[in-house]
Each structure stands twice: as structure tokens, then as C-alpha cells.
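> Okay, here's the structure, questions in a sec.
The values are calculated or read from the model by the stated rules, or taken from the named source; none is laboratory data. Because the structure is a prediction, the values reported are computed rather than measured. Note that each Cβ is placed from the backbone with ideal geometry, even for glycine, and that neighbours are counted across all protein chains shown. Note: accessible area is taken over every heavy atom of the protein model, side chains too, but ligands, DNA and RNA are not part of it. Shrake-Rupley method; radii C 1.70, N 1.55, O 1.52, S 1.80 Å.
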Amino acid sequence: MKVIASSIRKGNIIEQDGRLYVVLSAENIHPGKGTPVSQIEMRRIGDGVKVSERYKTTDQVEKATVEDHNYNYLYEDGDGFHFMNAENYDQVQVSKETVGSAAPYLQENMTVKLSMHEGNPVAIQLPQRVTLEVVDTEPVTKGQTASSSYKPAMLSNGVRTGVPPHVSTGTRIVVMTEDGSYVERAKD
């Protein structure tokens, strides 16, 4: 299906030279003079090579046909990550390259959206937020309650992030899966 380059968004799957690419970022640039362009960063699905392309915003780009389905995360082993379709109980294995930087945020029974192309998983979309526990951070400094300064913390999934001074070790917090940034203290 052909679409104009300016309509491509992050997470889309596009086909170029007979190969599939997942879009990592898409930005439309409108210079003062000259032609507006779409700067698209993408990763080749077969081997994980990153490519950056510039198109005129009116250029036609081939968008691959993908179906999005909800899957529950089961476990990880040497071959990759295993998911199950909640509707028909089909299990699918996803390679470490496809999961990429999302891997630390996967939690047992988490529902994710897998984009399937001709029966093969080509992209994964996590929930926007995930709750994790702070396993290591500096002690709380008495009287330091302003949340303008963040201190480093290690989360239970091995990711480092910045948290407000009042957050102590053992606190459960909500973080954004896109970049691991602190959102709020968990309500549970």
C-alpha cells in the first residue's frame, strides 16, 4: 500500500528494495527555503541494521501490510522471547533483535502488541507505563523534599533512571517504557 512519506509514523513497517524496515523515528522538516522533507530513521527487520532516509514529503513510500495482535509475555530463553495469543492460545517466538531495547521492561503475563507480517513478528509495542521497584538509590536526605533535582536509582529490571529525592530503596514506581523515565510513585 503506497502512502506519502509525511504520513509515516514511529512503529510503522515500510517496505523498500524488497526488505522490511520498522520506523524508529519520523520527523517532517520544513526549511524556510526549499522542499519540505521527511527524515525517517528505521531498522531493517532481517538483520537489525539502522538506516536513515530522507524523502520529499510528497514521495510515495510502500507501507507493508501488518496485523497487530495482543499477546501475553510468557518467558525468555536462549532462542528469544515467547508470547501467547490470548484469543487462540497460539505461541510465537520473537527474536532478541526484534524486542531490542524493550527487553528489560517485559514482565510475566504483560500484554503487548505484536505486529505480524505474513505470520512473522516484526515489531513489538509495550504498554506506555510499567511499575518497577527501586532496588538501589541514595538514602533520603532529611528536609530535601523539592522534586526539581533527581538522584540516580537502579530498578528491579536492571535499568538506571532518575528519581525524586523522596523515593527510597524498596519503593515501587511507575516508569515510561519508551525511555525509562520516572512518572510517579505506584498506587499499589
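> Tell me, what ³J(HN,Hα) does each residue in the stretch 155-169 have, in order and in whole Hz, if you take phi through Karplus 6.51 cos²θ - 1.76 cosθ + 1.60 with θ = phi - 60° and put x for Gly and Pro?
9, 4, 9, x, 8, 8, 8, x, 10, x, x, 6, 7, 10, 4
> Another question, then. Quick one: Karplus J couplings for the stretch 101-109, per residue in order, coefficients 6.51, -1.76, 1.60, θ = phi - 60°, nearest Hz, x for Gly and Pro?
Ordered by residue, 3J(HN,Hα) equals 6, 7, 3, x, 8, 5, 10, 3, 6 Hz.
> Just to be sure I follow the rule: in the chain, considering lysines 8 or more places apart or on different chains, how many pairs have Cα atoms under 20 Å apart?
Taking the chain as the scope, the lysine pair count is 14.
> Oh, and also: Kirkwood hydrodynamic radius (Cα pairs, Å) of the chain?
Here the Kirkwood hydrodynamic radius works out to 18.8 Å.
> Also: With all protein chains present, how much of the accessible area of the stretch 1-88 (probe radius 1.4 Å) comes from carbon and sulfur, to the nearest whole percent?
45
> Separate question: Between Lys56 and Met1, what is the spin-label point distance in nm, taking each point 7 Å from the Cα along the Cα→C-beta axis?
Result: 2.5 nm between the two label points.
> Can you tell me the order of 92-98, 181-187 when each peptide is scored by its average per-residue count of other Cβ atoms within 10 angstrom, highest first?
Result, highest mean first: 92-98, 181-187.
> Hey, another quick one. Given the C-alpha centroids of the stretch 1-17 and the stretch 64-121, what is the distance between them in whole angstrom?
First find each Cα centre; the distance between them is then 22 Å.
> Between Glu138 and Asp77, what is the label-to-label distance in nm when each label sits 7 Å out along the Cα-to-Cβ direction?
4.5
> Still on this structure: Mind checking the full-extension length gain between Ser25 and Ser156? Use 0.36 nm per residue of separation minus the Cα-Cα distance, one decimal, nm.
That pair, Ser25 and Ser156, stretches by 44.3 nm at full extension.
> Follow-up. Given a Förster radius of 45 Å and the C-beta distance between Arg9 and His166 as r, what FRET efficiency does 1/(1 + (r/R0)^6) yield to the nearest 0.05?
Details: r = 37 Å, r/R0 = 0.82.
After rounding, the FRET efficiency stands at 0.75.
> Okay, next question. Give me the 1.4 Å probe accessible area per residue for the chain, excluding ligands and nucleic acids, in Å².
Per-residue value: 59 Å².
> Next up: Calculate what fraction, in whole %, of the accessible area of the stretch 97-188 sits on carbon and sulfur atoms when a 1.4 Å probe is rolled over the protein chains.
Result for the stretch 97-188: 45 percent of the exposed heavy-atom area is carbon or sulfur.
> What does the charge add up to near Glu76, with Lys and Arg as +1, Asp and Glu as -1, over the other residues with Cβ less than 15 Å from its Cβ?
That works out to -3.
> Here's something else I'd like to know. Tell me the mean residue ellipticity at 222 nm calculated for the chain from its helices only (DSSP H runs of n ≥ 4, each -39500 (n - 2.57), averaged over every residue, nearest 500).
Value at 222 nm, helices only, nearest 500: -500 deg cm²/dmol.
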